[in-house]
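Reviewing the structure listed below.
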Amino acid sequence: MMRKTSVILLSAATGAALTLFVTQPRAVFMGSSARAATADTYRQLNLFGDVFERVRSDYVEKPDDTKLIESAISGMLTGLDPHSSYMDAKSFRDMQVQTRGEFGGLGIEVTMEDGLIKVVSPIDDTPASRAGIMANDIITNLDDEAVQGLTLNQAVEKMRGPVNTKIKLKIIRKGQDNPLDVTLVRDNIRVRSVRARVEQDDIGYIRITTFNEQTTEGLKREVGNLTNQIGGDKLKGFIIDLRNNPGGLLEEAVTVSDSFLEKGEIVSTRGRNAEETQRRTAHAGDLTKGKPVIVLVNGGSASASEIVAGALQDHKRATIVGTRSFGKGSVQTIIPLGSGNGALRLTTARYYTPSGKSIQAKGIVPDIEVLQDVPDELKSRTDTKGEASLRGHLKNDGDEKTGSQSYVPPDAKDDKALKLAGDLLHGIKNSASAAPTPGGDTKATADKPKAAN
């Protein structure tokens, strides 16, 4: 029997979904040691059965059998790594809706940290962003109910709901003495994953906020619009802003990368068994017709956005500017469990850049590091800890890296990375020049990028 599965890439945030492929059944040959291990496994399963029956019969209140089983499955998966989890039928449906780029809710990308909900980033032009929700905010209560003890999926489900209904969030924010109470009105969240504008009259600026099913088409549309608006002869190049992009669909990361490449490997994914290695390669046809490209990344750039940055960096198709990325180098597969039974979100592979490098718990190091000037009241909350700080994360060889600045100034005129990208495209500086530091000084980087601290 063959089972359909879906490959996704997730950061610490929620999101992503359906790129289907079919897995082949595996033949099983067991020796004596394997049979012994299997026997021990069944003894442990018998132990689980004994505990399950004792809870059903002796717990102070009659428990719901379905919830007991789902909780057991959730515990098994969340014990593997930060990105594996169980989705019940409703959560699975919600995820499928979200990957299409439209869902009902608040517009917040979140993760779980120490039993509380942490905001990775608000989605542009949503109730969350309009209400001033900020990256690294900690949500402790939803409608006066503590989130402690809830799973990430349960908390997300509570934040979603019918359009025009209200929900109150209690938020702890660094730099604020008292918790903040924020009331949001749920809206129909249409995630416009690609936004664009003209910079300095001759540069195309494109911001990609997530990788859903509309991302590649949105990129193609905006590249065409900008080229026509500026004029092909006048156009100096493109700035692709992937800062605070938490990831999304693997297929979209591949096709976005392919849009700038003529040939070569984009990414490889490697599972537990050698025969599961897959390589994705580019097809001829550069969407920008060879125009220079600058990619902006920071500590909030994760997963699918790191695939794009890594591919363009390794092929020397783009200069990467900003701070070290999040370091999420694993692939999750969505495995449906049959009608009404939800699905597994299971980490099944690591991914590697074209040069064969794993960025798991290390991140993409930019060609030019740029640290932003941060307002005093925000200095304590402008770093993202990164994949290496997540409990149970997949380990990598060598030194793992944690922490990288993720602040993006709200006003473009204060955005040092954006300004440097414009200077590079105008030839005022080149990729071997110094990156501006927070004090406004420059330091030569020669051929070796400066690592973020």
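Apart from one condition, Arg195 fits all of (1) in contact with a Ser or Thr (Cβ under 9 Å, 6 or more places away or on another chain); (2) assigned to a loop (DSSP other than H, G, I, E, B); the exception is (2). Specify the residue that is farthest from Asn341 (Cα to Cα); the eligible residues are those in region 54-111 that are in contact with a Pro (Cβ under 9 Å, 6 or more places away or on another chain) and among the small types (Gly, Ala, Ser). Per the stated criteria, the residue is Gly107.
Residues that are more than 15 Å from Ala311 (Cα to Cα) and either open to solvent by less than 50 Å² (accessible area, probe 1.4 Å) or among the polar types (S, T, N, Q) (or both) within region 276-288 comprise Thr277, Gln278, Gly285, Thr288, listed in sequence order. Kindly evaluate Leu344 against the criterion of being open to solvent by 30 Å² or more (accessible area, probe 1.4 Å), in contact (Cβ under 8 Å) with a residue 40 or more places away in the chain and either touching a Cys at 6+ places or on another chain (Cβ under 9 Å) or not in a loop (DSSP other than H, G, I, E, B) (or both). For Leu344, the condition - open to solvent by 30 Å² or more (accessible area, probe 1.4 Å), in contact (Cβ under 8 Å) with a residue 40 or more places away in the chain and either touching a Cys at 6+ places or on another chain (Cβ under 9 Å) or not in a loop (DSSP other than H, G, I, E, B) (or both) - is met.
Of the residues that sit in region 390-411 and are of a type outside the set (D, E, K, R) and surrounded by fewer than 18 Cβ atoms within 10 Å (Cβ to Cβ), which one is modelled with the lowest pLDDT? The extreme case among them is Gly403.
Please verify whether region 370-385 includes one or more residues that are open to solvent by 60 Å² or more (accessible area, probe 1.4 Å), assigned to a loop (DSSP other than H, G, I, E, B), more than 27 Å from Asp202 (Cβ to Cβ) and of a type in the set (D, E, K, R). The answer is yes; a qualifying residue exists.
Given the criteria open to solvent by 10 Å² or more (accessible area, probe 1.4 Å), β-branched (Val, Ile, Thr) and at pLDDT 95 or above, does Thr269 qualify? When the stated conditions are applied, Thr269 passes them.
All of (1) open to solvent by less than 50 Å² (accessible area, probe 1.4 Å); (2) free of Cβ contacts under 8 Å to residues at least 24 places away in the same chain; (3) of a type in the set (Lys, Arg) hold for Arg160 with one exception: (2).
In region 309-337, of all residues being hydrophobic (A, V, I, L, M, F, W, C) and within 18 Å of Thr384 (Cβ to Cβ), the one that is nearest to the chain's Cα centre (by Cα) corresponds to Phe326. Just so you know, in region 89-103 the residues that are surrounded by fewer than 18 Cβ atoms within 10 Å (Cβ to Cβ) and either in a helix (DSSP H, G or I) or among the acidic types (Asp, Glu) (or both) include one that is modelled with the highest pLDDT, and it is Ala89. Those strands (runs of 3 or more DSSP E) of region 265-341 in which 3 or more residues are touching a strand residue (DSSP E or B) at 6+ places or on another chain (Cβ under 9 Å) and more than 24 Å from Ala421 (Cβ to Cβ) occupy 265-270, 278-281, 330-336.
Among the residues of region 130-151, how many are open to solvent by 40 Å² or more (accessible area, probe 1.4 Å) and within 18 Å of the chain's Cα centre (by Cα)?
1
Close Cβ contacts (under 8 Å, 6 or more residues apart or on different chains) running from residues in region 306-321 that are within 21 Å of Thr210 (Cβ to Cβ) to residues that are assigned to a helix (DSSP H, G or I) and open to solvent by 10 Å² or more (accessible area, probe 1.4 Å) comprise Ile307/Leu250; Ile320/Gln313; Val321/Leu424. With the structure loaded, tell me whether Lys291 is in contact with a Leu (Cβ under 8 Å, 6 or more places away or on another chain) and surrounded by 23 or more Cβ atoms within 10 Å (Cβ to Cβ) or whether it fails that test. So Lys291 does not fit the description; no. When region 70-81 is limited to residues that are in contact (Cβ under 8 Å) with a residue 12 or more places away in the chain and not small (Gly, Ala, Ser), the one that is most open to solvent (accessible area, probe 1.4 Å) turns out to be Leu80.
Across region 163-179, the qualifying residues are those that are without any contact (Cβ under 8 Å) to a residue 24 or more places away in the chain and closer than 30 Å to Lys379 by Cβ, and the one among them that is most open to solvent (accessible area, probe 1.4 Å) is Asp177. The lone criterion from (1) at pLDDT 90 or above; (2) out of contact with any strand residue (DSSP E or B) (no Cβ under 7 Å at 6 or more places or on another chain) left unmet by Leu106 is number (2). With respect to the conditions (1) surrounded by 20 or more Cβ atoms within 10 Å (Cβ to Cβ); (2) basic (Lys, Arg); (3) touching a Lys or Arg at 6+ places or on another chain (Cβ under 7 Å), Lys328 falls short on a single one, namely (3).
The values are calculated or read from the model by the stated rules, or taken from the named source; none is laboratory data. These numbers were taken from a predicted model, which means no experiment stands behind them. Glycine also receives a Cβ, built like all others from the backbone with ideal geometry; neighbour counts cover every protein chain displayed. Protein only, heavy atoms only, side chains kept; ligands, DNA and RNA dropped before computing areas. Shrake-Rupley method; radii C 1.70, N 1.55, O 1.52, S 1.80 Å.
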